[in-house]
Amino acid sequence: MRWCQYISLYLLSFWTFPPLAAQELDPNKYKQWSNIDTLQWSDFQLSVFDHHIKYGLKAKAKTSLVYFYRPAIWHQDSCMNVLTAVFRKASYTRDTTDINLLLHEKLHFDIAELCARKLRKALLHLKESQANSLENYLALRDSIFTVSNEYHDLYDQETLYGLNLVRQSSWKSYIKLELNRYKDYTFKEMMNCNSSACSKQHKPY
């Protein structure tokens, strides 16, 4: 029986929002979410001989929601954004020929991006409702983190870790619709909204 570990979400510490030209993370270490440049087995760069890898797991991708905020000292007008990325050096696979497993991992990455979009929308709502405190941001982050873990668990349970191809297809269609539903809350769109007066009203997710 094939086993795989679902994508793990790790919340990094806050980073100062870098200049626009320096937005991207180091591509040698991180794979940013993209609907064009999707996750490939070549992004799983941790050696399977690493002593930390547990036997029985066929593939594992570590995904992080990376937080940025500006300025460096928090105040009421601060802006926050979140980026979805895979740690290449902490992700591995034992089988680069299993296409269905790769598709299963790709959808985990999409689910992580969907949760990030919901979080970005909620962050904008906090800002507009004048509840823009660091404490509120952290509470919101934790609540999304909990929901995200439940989402990934349900996905694995219903698809039997990608073995149930019918349920896998259903989840793929659903996540595609949800990503389109939250298309206004990509990392780039959030940047635009944070850098200018945004006329939209953003309700909680």
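The values are calculated or read from the model by the stated rules, or taken from the named source; none is laboratory data. This is a predicted model, so every value here is computed, not measured. Please note: Cβ atoms are built from the backbone with ideal geometry, for glycine as well, and neighbour counts cover all protein chains shown.
If a residue has to be part of a helix (DSSP H, G or I), touching a residue at least 60 places away in the same chain (Cβ under 8 Å) and not small (Gly, Ala, Ser) to count, how many in region 88-114 make the cut?
Here the count works out to 14.
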Return yes when residue 153 is loosely packed, with under 14 Cβ neighbours inside 10 Å and either at pLDDT below 90 or over 19 Å from the mean Cα position of the chain (by Cα) (or both) and no when it is not.
no
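Considering 107, 134, 126, which residue is at pLDDT 85 or above and either hydrophobic (A, V, I, L, M, F, W, C) or under 19 Å from residue 174 (Cα atoms) (or both)? Talk me through it step by step, then tell me what you get.
Values: 134 fails: at pLDDT 85 or above; 126 fails: at pLDDT 85 or above.
Of 107, 134, 126, the one residue that is at pLDDT 85 or above and either hydrophobic (A, V, I, L, M, F, W, C) or under 19 Å from residue 174 (Cα atoms) (or both) is 107.
Give 143, 170, 129 a once-over and let me know the one that is surrounded by fewer than 16 Cβ atoms within 10 Å (Cβ to Cβ), closer than 20 Å to residue 65 by Cβ and either without any contact (Cβ under 8 Å) to a residue 24 or more places away in the chain or of a type in the set (A, V, I, L, M) (or both). Even if it seems obvious, please write down each step before you answer.
On the way: 170 fails: closer than 20 Å to residue 65 by Cβ; 129 fails: closer than 20 Å to residue 65 by Cβ.
Answer to the selection: 143.
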